[in-house]
Amino acid sequence: MQKNMSDTVQVKGRSQASAQDKRHTFWKRISRNWELYLLIAPAFLYFLIFHYGPMYGIQIAFKNFLPARGITDSPWVGFDHFIRFFNSYYFWDLIRNTLTISLYQLIVGFPLPILLALAFNEIRNGWFKRTVQTVTYAPHFISVVVMAGIIVTFLSPSTGIIVKMIEWMGFSSPAFLTDPAWFKTMYVLSGVWQSTGWGTIIYLAALSAVDPQLHEAAIVDGASRWRRIWSINIPTIIPTITILLILNVGSILGVGFEKILLLQNPLNMSSSDVIDTFVYRTGLLNVQYSFSTAVGLFNSVVNALLLIAVNQVARKTSEHSLW
Amino acid sequence: MKGSFRTHSGSSTSFFQRFKAPRTATLVLSIVLGTSLLAGCSSGSSEPQVGSAESAANVNKEGFPIVKEKITLSMMGPDVGMQNWKDMPAFQEMEKLSNISFKFENPPLDSFETKKNLVFASGEYPDIFYASSLTQADEVNYGSQGILLPLEDLIDNGYAPNLKKVLDENPAIRKSITTPDGHIYSLPVINQQSIWYRSPMWYNGDFLEALNVKEADLPKTTEELYDLLVRFRDEDPNGNGKKDEIPLASVKLDDVRSWLLGAWGIYGEDIYNDANGKVHFARTEDGYREFLTYMNRLWSEKLLDHETFSQTPDQKKAKGASNQLGLFQDWHAYFTHGGKPTTKDPMFIPVKSDAVDKPAVAIHPGLSTGAFAITESNPAPEASLRWVDYMYSYDGAMLFDKGPEGLIYETVNKEDHTKKWKPLPSEYNSREDYRGTLTPNYGTPAPTLLSPDLQKGLKEDFDLWVDKQNEEKILAYDPQPPFPILYLTPEEQSEISSLRADMDTYIQQMEAKFVTGQEPLSGWDNYLATVKQMGSDRIIEIYQAAYDRWKNS
């Protein structure tokens, strides 16, 4: 009995000591590396304040937001806004447009920077390489509003330079701006023109990590240039590709809103209206904040689920994943 | 990645704007006001108390200055891009008179609506909304929540003698600016002479001259209009040897719709009432279907601009400046053509179809609501109201219509208000350009009473010509306002808002499709069924009830 007691006491004492130890080491770890924690603090605070803080406002998706009562005191309505959205006339159109534009963009826009980066990597002439890179980066710096203006001007049926060129070659030009069938192509291809060059940067960085000895050894073994790209360069950047693909899929319901809004008109609406433009219209223009927050929340939840799912798949099939 | 950061932007903005501390000077007062308003609302029986003994004590009920001790208030209004409000002589003069100065917040007119909505959601309001085009929905919603102050007690208690006089003489105006709960949340623009419900359409005078069409021979039926548009298209009226004429110009049809709908007896493009007091929704009427058929015919024969649904108003104006447009809408034709005011371009004569005996022509109701409002954060409602009341007197209206005396005009006879123009400074193209730098009441619905006296002696040949065009082409057609100015209850308003969100998109989209032929007109029945399913009948029902309530009040 006594022995037992002393045992328990001992055990208790040990566990207390270990908890103290843990706390102790935690603070010790922090104080030992305080410079690193200081370094990360601004980023940590940024996310806390600007990305987690605002989530407090999400609750208005389940409320009837009245500005005078504020976020906290507005009355609860449960899932009413979600039900209204799911029953809305445009629900399926919005989902379809958002998905097809995103997938189209992903399928066309995702591989191109990879190909371009592999090509850049093969250029040996420094001057030529720099020039081509600068030329392909340049469109990235055009703002969305100007970009939309350029698209509309170039594709205008009466004065557009592209339309004139098509007509000059003897074809009749499609109504790019107003034909719903052309909207997605116009959107995706102009995006490719604008962002492919910029997208190569991250792959070029990854390619610079290739060990030159591998190439030397391969050349000695008589490997052709194609062979080396296929067997050395691509495997090196596969982790980068996987991570970027996961991130891209994670934002599949979040297509670039400004450009779509600026290119939208009543005629192409049937293929250009996406969740984000719908949120803008109902939220900011028709002042239905709660409803549009509900739609935005739905969008984010779907995105988060997709991100998790794709990450899961990537982890199962390869060793690369976000977490 | 970019997209995922943006999804909650709506809620994050409002959160952070709430988070900012309100200006400490007004904090205490707004809390006091806010709680007293809330108390007023919750108890139901007692009316909300506006203002306080303290803020009232500083105000002179008569004459200038309005306040004994100088105060500064914040004011929100649209910037039309002519001049900073703080540099406008009208405000500077008014500050000297009244002892009230302002801190201005002026988002550009283009994005004003969005900005205004955000301000309401943010919880931090300007003290005064000036020329902010508050919609009736805004007034009902934010008024019932206590964000906009009810003004009727202050008006009746002697803080707005000029306005009170107008309201007492015209009970109809008072009726039109009072919401169903009996409050007045906004002050109107009163202009009993105003005629245009929408800016008129104008024919290109050069085209008519080239085709030898006299003003008396202008089209009076839809078929004659069609024939003339064909001639615009085929006979090269701009004489440049190219077939680049655009017979009928439009941007999304919003500019021409209400004028052409009249040909099928429809007074307004949205909700309107007929002579028997029955409320109609234009977009489900048979006449609207005829209109679509007609516009589709114009489209398929290239008489209606094929860029109608994709161009911006600026692009349309550029075509007008290069003399390509035959018939177009603008405030004045020379705004589109460029150059000086001219009497060469005649106004469109309302046309009629075979379906009706005479065209339906809309006229402005002479009143626009939502021009001025005071918010709960305003520390001096009495002084603010006295300030705006000056705009409803001849002197105040003159100050804010044309700027202080001696700049753009000078008085010839003080007794009968005759004035004359001063020479235009050389840096300005036209008097209107100059006027836009003097006063905020330029291109914005500002609170004022525009009486005929304001223009006395200032009317030039062009203005008289426009008056005559109005006389012959609008007033002669027995016009009526499409729908009286009336308010819905907050419940009705919120039902309408949620019903209309999808319906308006659908209607706009289908109109474009029907006109351009993407959807054949055989799809009309389907369209009608869809709109009805979206609740168009309920909308008519709500407005009918509101109309009956208004009529019997």
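The values are calculated or read from the model by the stated rules, or taken from the named source; none is laboratory data. Keep in mind it's a predicted model, so treat the numbers as computed, not measured. Every residue, glycine as well, gets a Cβ built from its backbone with ideal geometry; the counts of neighbours run over all protein chains shown. Note: accessible area is taken over every heavy atom of the protein model, side chains too, but ligands, DNA and RNA are not part of it. Shrake-Rupley method; radii C 1.70, N 1.55, O 1.52, S 1.80 Å.
Computed 3J(HN,Hα) for segment B:152-160, one whole-Hz value per residue from the Karplus formula 6.51 cos²θ - 1.76 cosθ + 1.60 where θ = phi - 60°, is 4, 5, 5, 4, 6, 9, x, 8, 9, glycine and proline marked x. Heavy-atom accessible area with a 1.4 Å probe sorts B:W550, A:W226, largest first, into A:W226, B:W550. A Förster radius of 60 Å combined with the Cβ-Cβ distance from B:V230 to A:S143 puts the calculated FRET efficiency at roughly 0.90. Put simply, when A:290-299, A:216-225, B:119-128 are sorted by average Cβ atoms within 10 angstrom per residue, most first, you get A:290-299, B:119-128, A:216-225. Straightening the chain between A:L48 and A:R23 buys 6.6 nm, computed as 0.36 nm per residue apart minus the Cα-Cα spacing. Counting Cβ atoms of other protein chains within 10 Å of each Cβ in A:57-67 and taking the mean gives 4.
Here the peptides B:447-459, B:517-529, B:393-405 are ranked by packing, the mean other Cβ count within 10 Å, and the order with the highest first is B:393-405, B:447-459, B:517-529. Put a dot 7 Å past the Cα of B:E209, heading toward its Cβ, do the same for A:F79, and the two dots end up 7.0 nm apart.
The simple Förster model, with R0 at 51 Å and r as the Cβ-Cβ distance, assigns A:I161 and B:D357 a FRET efficiency of 0.50. Farthest towards the positive end of the charge dipole of segment B:140-238, among the residues B:I173, B:L225, B:L154, is the Cα of B:L154, using unit charges on the Cβ of Lys, Arg, Asp and Glu.
Relative contact order of segment B:114-198, taken over Cα pairs closer than 8 Å and 6 or more residues apart, is 23 percent.
Entry note, chain A: relative contact order of 24 percent, from Cα contacts under 8 Å with a spacing of 6+ residues. Treating r as the C-beta distance of B:S300 and A:L285 and R0 as 35 Å, the FRET efficiency rounds to 0.60. Converting phi to 3J(HN,Hα) with the Karplus coefficients 6.51, -1.76 and 1.60 and the offset θ = phi - 60°, segment A:285-300 yields 8, 9, 6, 10, 4, 4, 4, 6, 5, 4, 5, x, 5, 3, 4, 5 Hz in sequence order, with x at every glycine or proline. Considering only A:I219, B:Q533, B:G457, and ranking their Cα positions along the charge dipole of the protein assembly as shown that arises from unit charges at the beta-carbon of Lys, Arg, Asp and Glu, the one farthest toward the positive end is A:I219.
For the residue pairs B:K103/B:K459; B:K278/B:K316; B:K61/B:K96; B:K344/B:K420, alpha carbon separations beyond 28 Å are given by B:K103/B:K459; B:K278/B:K316. A crude spin-label estimate for the pair A:L214 and B:D467, with each label 7 Å from Cα along the Cβ direction, gives 8.7 nm. Remark on B:D345: its backbone amide H falls under 5 Å from those of B:G205, a criterion applied only to residues 5 or more positions apart or on other chains, H modelled at 1.01 Å from N.
Shown in residue order for segment B:532-543 are the 3J(HN,Hα) couplings computed by the Karplus curve 6.51 cos²θ - 1.76 cosθ + 1.60 at θ = phi - 60°: 5, 5, 6, x, 5, 5, 5, 4, 4, 4, 5, 5 Hz (x for Gly and Pro). Computed from point charges on the beta carbon alone (+1 for Lys and Arg, -1 for Asp and Glu), the dipole magnitude for the protein assembly as shown about its Cα centre is near 4260 Debye. The mean count of C-beta atoms from other chains within 10 Å of the C-beta of residues in B:141-151, rounded to a whole number, is 2. Anisotropy class assigned to the protein assembly as shown is oblate, per the alpha carbon gyration tensor with a/c at or over the 1.5 cut-off and a/b no larger than b/c.
Between A:I234 and A:A309, full extension at 0.36 nm per residue minus the direct alpha carbon distance yields a gain of 24.5 nm. The DSSP beta bridges internal to the protein assembly as shown are antiparallel in roughly 55% of cases.
Legend: mean number of C-beta atoms from other chains within 10 angstrom of residue C-beta atoms, peptide A:271-279, equals 2. Placing +1 on each Lys and Arg Cβ and -1 on each Asp and Glu Cβ, with no other charges, gives chain A a dipole about its Cα centre of roughly 980 debye. The modelled label-to-label distance between A:I40 and B:R549, using points 7 Å beyond Cα along the C-beta direction, is 5.9 nm.
Peptides B:237-248, A:93-104: what's the order by average Cβ count within 10 Å, highest mean first?
So the peptides B:237-248, A:93-104, ranked by packing, come out A:93-104, B:237-248.
Counting only Cβ charges, +1 for Lys and Arg and -1 for Asp and Glu, the dipole size of chain B around its Cα centre is about 1060 debye. Expressed as a whole percent, the accessible area of chain A that falls on carbon and sulfur atoms is 69 (1.4 Å probe). Computed over chain B, relative contact order equals 22 percent, with contacts defined as Cα pairs under 8 Å that lie 6+ residues apart. Just going by the charge dipole of segment B:399-499, with Lys and Arg at +1 and Asp and Glu at -1 on Cβ, which of B:P482, B:Q469, B:G406 is farthest out on the positive end? Result: B:G406, furthest along the dipole toward the positive end.
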